[in-house]
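Written below as structure tokens is the structure these notes are about.
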Amino acid sequence: MASVCVNDALTDDELRWVLSRLDSDKDKEVFGLVCKRWLHLQSTDRKKLAARAGPHMLGRLASRFTRIVELDLCQSISRSFYPGVTDSDLAVIADGFRCLRVLNLNNCKGITDTGLASIGRCLSLLQFLDVSYCRKLSDKGLSAVAEGCHDLRVLHLAGCRFITDESLKSLSARCRDLESLGLQGCANITDSGLADLVKGCRKIKTLDINKCSNVGDAGVSSVAKACASSLKTLKLLDCYKVGNESITSLAQFCKNLETLIIGGCRDISDESIILLADSCRDSLKNLRMDWCLNISNTSLTCILKQCKNLEALDIGCCEEVTDTAFLGLGSDDILGLKVLKVSNCPKITVTGISKLLEKCSSLEYLDVRSLPHVTEVRCSEAGLEFPMSCKVNFSGSLTEPDVLL
């Protein structure tokens, strides 16, 4: 029987089907080593690419990988001295990778508004853009992106210190399907900007305004009302102007809230937290309220009793919390906590931790640093038995989970 060459027997579509059945990236790379035809098929079928290259090489990559939809050009923090992608690189990218939907430029310090103008002009299909810590960017560049990328769903702007409320107005007017917005450290954002944002962007699921020190109750309340059904994650770390009015608005409108970060919001007290616990009892999974100095046993017990799906809780430095918060748990109160941080709560003792362990067998990480009455020796003397999979941080030597960052 005469031998048959596979290249003669199979069409391009059939070979692409074979390629699609390969699970690992390594196997797909090996597929391209068979011959030039298979390399061409593998190249044109590729959807993701991570690269570190100048304009010439980027142009060659664009002509070879014609179907790329996800491009990762982020710059490692360890190479912070190197600018990474530049405006000239972005001009080539925007012109060559017209199918892009995901573009990661995190920490590319060489990018300016000129580069973002290229993105807005050419990448109309873009849905995800990360320009965090691209510190030269301003409202002008973001307005250009909003003008051209109407389908934008996720935008990360952490550390872009020149961004102001004007960018939020542009997003509101042109990017109405926006679902996730990261503004950490954008200190020029105010309540007025958030109010303008949610006039048009009412589908926001995740909003990170950590360390936006000019945001207060009026801005958070605007978001709560406008995005009531969609909002699931809200991060307000060190937003010291945020108080009970914000939490009350969230309790009133946002019944689907899953993650709330309010660490450092020192004006928040038991009154609003109790309302939140009742309103979000079925949805709340992650709650960080370290340094909320007005939080006491009353609201903490309420959270533990009512929020049955709570998985991660941080009450570090809440100095008014005592063992009573845990001793108030009844026989029917079973906790599903996986992460609990109670560092620097000096009134908590081994007695409280013992009660907690009775009610929670699912703990994976327990932070008891700087608790004078809870040491490794005292826990051993009291005969405390921690879950097999639980890492107990007595001294700060363990890596913390990032679920509450």
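Structural remarks
- Check on residue 229, outside any loop (DSSP other than H, G, I, E, B) and within 24 Å of residue 285 (Cβ to Cβ): no
- When the range 105-124 is limited to residues that are open to solvent by 30 Å² or more (accessible area, probe 1.4 Å) and under 23 Å from the mean Cα position of the chain (by Cα), the one that is modelled with the lowest pLDDT turns out to be 109.
- Taking the criterion of being closer than 20 Å to residue 381 by Cα and open to solvent by less than 30 Å² (accessible area, probe 1.4 Å), the residues of the range 343-356 that qualify are 348, 350, 352, 353, 356.
- For the residues 290, 278, the requirement of being open to solvent by 10 Å² or more (accessible area, probe 1.4 Å) and in a helix (DSSP H, G or I) singles out 278.
- Where strands (runs of 3 or more DSSP E) fall wholly inside the range 127-207, the ranges with 1 or more residues that are open to solvent by less than 60 Å² (accessible area, probe 1.4 Å), of a type outside the set (A, V, I, L, M) and in contact with a His (Cβ under 7 Å, 6 or more places away or on another chain) are 128-130, 180-182.
- Among the residues making up the range 20-60, those that are at pLDDT 75 or above, assigned to a helix (DSSP H, G or I) and of a type in the set (A, V, I, L, M) are 30, 57, 58.
- Only one of 340, 313, 371 that is over 26 Å from the mean Cα position of the chain (by Cα), crowded, with 21+ Cβ neighbours inside 10 Å, within 21 Å of residue 290 (Cβ to Cβ) and of a type outside the set (Lys, Arg): 371
- Filtering 255, 235 for residues that are open to solvent by 20 Å² or more (accessible area, probe 1.4 Å) and within 19 Å of the chain's Cα centre (by Cα) leaves a single hit, 235.
- Within the set 307, 360, 318, the sole residue that is crowded, with 19+ Cβ neighbours inside 10 Å and closer than 24 Å to residue 380 by Cα turns out to be 360.
The values are calculated or read from the model by the stated rules, or taken from the named source; none is laboratory data. The structure presented is a predicted model; accordingly, all values stated were derived computationally and were not measured. Every residue, glycine among them, receives a Cβ derived from its backbone with ideal geometry; neighbour counts consider all protein chains shown. Protein only, heavy atoms only, side chains kept; ligands, DNA and RNA dropped before computing areas. Shrake-Rupley method; radii C 1.70, N 1.55, O 1.52, S 1.80 Å.
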